[in-house]
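First up is the structure itself, then whatever we jot down about it.
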Amino acid sequence: MLLPVLHYMQSLGLNRITYEECDALKDESISSHRAWVTAGKPHDGAIAIAMRKAKYAYKHALKRKRCQEHNTFTNELHEALLEKDFSTFWKT
């Protein structure tokens with residue numbers, strides 16, 4: 001099931017890992033992670049909270065985008081099946 005979705009996404013010019021719409025969140029996540037590493041990788045505090053918040057915001061955006069792409073694929077498949085002429089299919 002996953003392979004057709006990946007091929008469909010590639011045909012649309014979408015990479016399965018990164019999306020242009022998520023670039024800002026990715027940059028935010030990377031910069032907050034670098035700040036966290038520079039601060040000595042604290043387990044709690046404002047820097048650790050900011051790092052986790054940016055990380056999960058980026059992951060959530062990717063997950064939401066993947067689900068949206070999957071739903072688009074599923075909806076298009078459903079529409080194609082609805083438009084199919086089954087009576088001529090069985091006559092041939």
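Here are some notes:
- Full-extension gain in nm, HIS43 to GLN68, via 0.36 nm per residue minus C-alpha separation: 5.6 nm
- Packing here is the average count of other Cβ atoms within 10 Å per residue, and on that basis the peptides 27-35, 41-49, highest first, run 27-35, 41-49.
- Order of CYS67, CYS22 - criterion: other Cβ atoms within 10 Å of each residue's Cβ, fewest first: CYS67, CYS22
- A simple spin-label model places the labels of GLU20 and LYS59 2.8 nm from each other, with each point 7 Å out along Cα-to-Cβ.
All of the numbers you see were taken from the coordinates with simple rules; none came from a lab. In this text, all values refer to a predicted model and were calculated from it rather than measured experimentally. With ideal geometry, Cβ positions are generated from the backbone for all residues, glycine too; neighbour counts draw on all protein chains shown.
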